[in-house]
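The values are calculated or read from the model by the stated rules, or taken from the named source; none is laboratory data. Because the structure is predicted, anything quoted here is derived from the model rather than measured. No Cβ is skipped: glycine too gets one built from the backbone with ideal geometry, and neighbour counts run over all protein chains shown.
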Amino acid sequence: MNTQNTYDEIGKRYRTGARIRSGITYALLTVWAVIVLFPFYWMILTSVKSYGTYNAEYVPKLWTPSPTLQNYRDAFTTVDLGRYFFNTIIFTVVTTVLMLFVIVLAAFAFSRLQFKGRDLLFTVFLSLMMIPNELVIITNFVTITDWGMRNSYWGLILPSVTSVFYIYLLKENFEQIPEELYKAAKVDGTSDLKYLWKVMIPICQPTIVTITILKVIECWNSYVWPRLITDDAAYYLVSNGIQEIRENGFGRENIPAMMAAVVVISIPLIVLFLLFHKKIMAGVSRGGTKGI
């Protein structure tokens with residue numbers, strides 16, 4: 001009986017300790033979630049405040065008694081935000097598709113094909129990651145200008161159709177696939193492209209989906225390069241539209257209209273993440289795991 005009581009006491013203490021640890025964990029996660037989500041709440045709150053209400057608040061308030069959607073109408077009427085959405089979709093889709101085509105073939109070549117100087121070439125290629133983006137932007141700007149592609153879709157797209165980091169990430173995933181599968185496929189007379197399409201891409205789908213979504217986010221949020229290479233409003237992206245609302249709309253003080261535009265622009269990315277967050281997590285986990 002004494003032994004049984006001791007076991008019961010130990011079990012009770014263990015369960016109590018587990019509840020306390022769980023409570024502390026959830027409390028910390030709740031605090032962290034509030035910290036992370038507060039900027040989004042503040043963005044939405046500001047977007048539904050009238051211009052006068054916002055400027056009359058010497059001390060910012062965490063609510064508004066009279067929300068309005070006028071800022072959203074202003075965001076589309078002050079500038080041609082609909083056109084900028086169309087340009088951004090074109091830029092994002094074409095750039096992402098071309099980049100996937102390039103990096104998949106490059107990663108396959110570096111991971112499976114045998115050719116002289118492959119490892120040395122990949123080392124040199126990987127060293128390009130050491131070059132600052134500012135230097136690359138300058139080189140790209142001079143090249144695109146010399147080719148007469150300023151204020152064009154191709155001028156926006158071409159400098160972004162490859163990524164050394166994504167090639168490296170996908171190559172590492174391709175190398176996790178057993179070499180025996182490739183040899184067996186070659187014995188059966190399967191071509192390299194068919195093996196890539198039928199075997200390697202399906203196995204590494206989580207990583208490819210992750211890369212795709214990260215590239216979409218990168219293109220959607222792109223600001224410096226589009227701002228540099230285009231001065232024609234017909235080729236502006238949504239990021240340029242926000243700046244134009246600030247400068248050419250109601251002036252630099254119309255923060256509510258800017259926040260309304262940011263909310264509209266953020267919705268597609270939020271929906272994209274909610275739809276594919278499981279694949280993103282799977283791709284990130286796979287990137288740090290050896291074997292398949």
Self-check item: Any helices (runs of 4 or more DSSP H) falling wholly within region 134-223 and containing at least 2 residues that are under 18 Å from PHE110 (Cβ atoms)
Solution: 164-175, 179-187, 192-195, 205-220
Exercise. Write out, first by first residue and then by second, each pair whose Cβ atoms fall under 7 Å of each other, whose residues are 6+ apart or on separate chains, and whose first residue, in region 63-86, is assigned by TED's automatic domain parsing to the domain that holds TYR153 and of a type in the set (Phe, Trp, Tyr) while the second is exposed (fewer than 15 other Cβ atoms within 10 Å of the Cβ) and assigned to a helix (DSSP H, G or I).
Key: PHE76/GLY82
Self-check item: Residue list for region 141-174, restricted to those being closer than 20 Å to SER127 by Cα and of a type outside the set (Phe, Trp, Tyr)
Solution: PRO159, SER160, VAL161, THR162, SER163, VAL164, ILE167, LEU169, LEU170, LYS171, GLU172, ASN173
Quiz item: Which condition breaks for LEU121 when tested against (1) over 17 Å from the mean Cα position of the chain (by Cα); (2) not in a helix (DSSP H, G or I)?
Solution: (2)
Self-check item: Sole exception among (1) outside the structural domain of ALA233 (by TED's automatic domain parsing); (2) of a type in the set (A, V, I, L, M); (3) farther than 17 Å from SER266 by Cα for LEU98, by number
Solution: (1)
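Filter region 35-73 down to residues that are part of a helix (DSSP H, G or I) and in contact with a Pro (Cβ under 8 Å, 6 or more places away or on another chain) and give me whichever is surrounded by the fewest Cβ atoms within 10 Å (Cβ to Cβ).
Taking region 35-73 first, the residues part of a helix (DSSP H, G or I) are 35-47, 51-56, 70-73.
Checking which are in contact with a Pro (Cβ under 8 Å, 6 or more places away or on another chain) leaves us with 46-47, 51, 54, 71.
Values: THR46: 20, SER47: 24, TYR51: 17, TYR54: 21, ASN71: 26.
The residue in question is TYR51.
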Practice problem: Inspect region 254-275 for any residue being modelled with pLDDT under 85, part of a loop (DSSP other than H, G, I, E, B) and in the same structural domain as THR162 (by TED's automatic domain parsing) and give the result as yes or no. | Solution: yes
Exercise. Please indicate, with yes or no, whether at least one residue in region 110-126 is closer than 30 Å to LEU228 by Cα and loosely packed, with under 13 Cβ neighbours inside 10 Å.
Key: yes
Quiz item: Would it be correct to say that GLY82 is exposed (fewer than 13 other Cβ atoms within 10 Å of the Cβ) and at positive phi?
Solution: no
